[in-house]
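Asks: Please see the structure below; I have some questions.
FYI, it's all coordinate maths here, none of it is from the lab. Note that the structure is predicted; figures quoted are calculated from it, not measured. Here Cβ is always computed from backbone atoms with ideal geometry, including for glycine, and neighbour counts include all displayed protein chains.
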């Protein structure tokens, strides 16, 4: 049997369903999801293992017209990734009209040399058959796509078909990652992402972009019978008013963030965790090169 291996990248504007689709294809959660735009802030690799192929999916931040230095750096992450993969799949939601952002991204992708381009119409579970048909036609006019595929990551509709079509475009080659490995994300990065995902739930529109999370310390207690791991995490915002939102009345919201994220962290580490959360103000960090480096951007 011919074995194929390679990389495919999901690109699109913010909140187009790229992370949810990545998780559905991998069959496990490797990327956090949220209804808030610009949830993804770096290229996340999810690995699909098959007898005939190893497909490495790269979920990227949403391409957009940046208003901050952080936004510029996120776009740089996307453009760098696009240059390195075998297939680029542009994601467009089925329930939203084509807009300037989609046309901007389609132009960027069309300018790529020697790249196979797919279009994926996502979130078909939120649209009627007529809406899906109209969106497929509209998307097909944006660029010269090799395939245009409607999928619902939530319902699982046509996810396997998309995987088959992506694999067919990969070069022949051996496995790139050990069998069973689902991502190459470091544990500290995934822990920070779990905390940020929990913190994003239910916040006001202006806050999500101002949130950054850093794991400062991780240390197992050698004398603990169940191998308890102490994890110290700093949650950064830009203004004192945002800190008050994250803390909540009497610290109630921060406690909920800790409870929700600790469950996922313990699953990831396979050990009980003592999660020590702190909220800090880093004024205007999205525009400060020094602070961006400190926060990993």
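Asks: For helix 159-168, report the angle its Cα long axis makes with the longest principal axis of the Cα atoms of the chain; keep it between 0 and 90° and round to the nearest 10°.
Replies: Tilt relative to the chain: about 70 degrees.
Asks: Assuming 0.36 nm per residue, please report the length gained on full extension of the stretch residue 157 to residue 243 beyond their Cα-Cα distance.
Replies: Going from the current span to full extension adds 26.9 nm.
Asks: Percentage of Cα-Cα pair distances in the stretch 75-216 greater than 19 Å, rounded to whole percent?
Replies: The proportion of pairs with Cα distances above 19 Å equals 66 percent.
Asks: Which of 3, 209 has the fewest other C-beta atoms within 10 Å, and how do the rest follow up to the most?
Replies: Listed from fewest to most nearby Cβ atoms, that is 3, 209.
Asks: Per DSSP helix of 4 or more residues, -39500 (n - 2.57); summed, then divided by the residues of the chain. What does that give at 222 nm, rounded to the nearest 500?
Replies: -10500 deg cm²/dmol
Asks: Next question. Taking the inverse of the average 1/r across all pairs of different Cα atoms in the stretch 53-99, what Kirkwood radius in Å do you get?
Replies: Every distinct Cα pair counted, the radius reaches 12.5 Å.
Asks: Work out the P(r) tail for the stretch 187-294: percent of alpha carbon pairs separated by more than 20 Å, whole number.
Replies: 39
Asks: Contour minus end-to-end for residue 2 and residue 49, with contour as 0.36 nm per residue of separation and end-to-end as the Cα-Cα distance?
Replies: 15.5 nm
Asks: Quick one: plug the Kirkwood hydrodynamic radius of the stretch 234-297 (C-alpha pairs) into Stokes-Einstein at 25 °C, 0.890 mPa s, and report D in µm²/s.
Replies: For the chosen part, D equals 187 µm²/s.
Asks: What distance in nm lies between label points placed 7 Å from Cα along the C-beta direction at residue 276 and residue 67?
Replies: Simple spin-label model gives 3.7 nm for this pair.
Asks: Considering just Cα atoms, how many Å³ per residue does the convex hull of the chain enclose?
Replies: Dividing the Cα hull volume of the chain by its residues yields 144 Å³.
Asks: Take the Cα radius of gyration of the stretch 112-157 and divide it by 2.2 N^0.38 Å, with N its residue count; two decimals is plenty.
Replies: Expressed relative to 2.2 N^0.38 Å, the Cα Rg reads 1.23.
Asks: Angle, helix 100-110 long axis vs. longest principal axis of the chain, Cα atoms, 0 to 90°, nearest 10?
Replies: For helix 100-110, the angle is close to 60 degrees.
Asks: With the radius of gyration and the Kirkwood radius both derived from the Cα set of the stretch 77-129, what is their ratio Rg to Rh?
Replies: 1.02
Asks: Can you give the angle from 0 to 90° between the axis of helix 187-200 and the longest principal axis of the chain, with both taken from C-alpha atoms, to the nearest 10?
Replies: Rounded to the nearest ten degrees, it is 90.
Asks: Which FRET efficiency, nearest 0.05, do residue 146 and residue 80 yield, Cβ-Cβ r, R0 25 Å?
Replies: The value I calculate is 0.65.
Asks: Expected output is a single nm value to one decimal: the length gained when fully extending between residue 115 and residue 130, i.e. 0.36 nm times separation in residues minus the C-alpha distance. What is it?
Replies: Difference between extended and current length: 2.3 nm.
Asks: Would you mind listing how long the stretch 4-168 runs along its three principal axes, going by Cα atoms, in whole Å with the largest first?
Replies: 43, 35, 32
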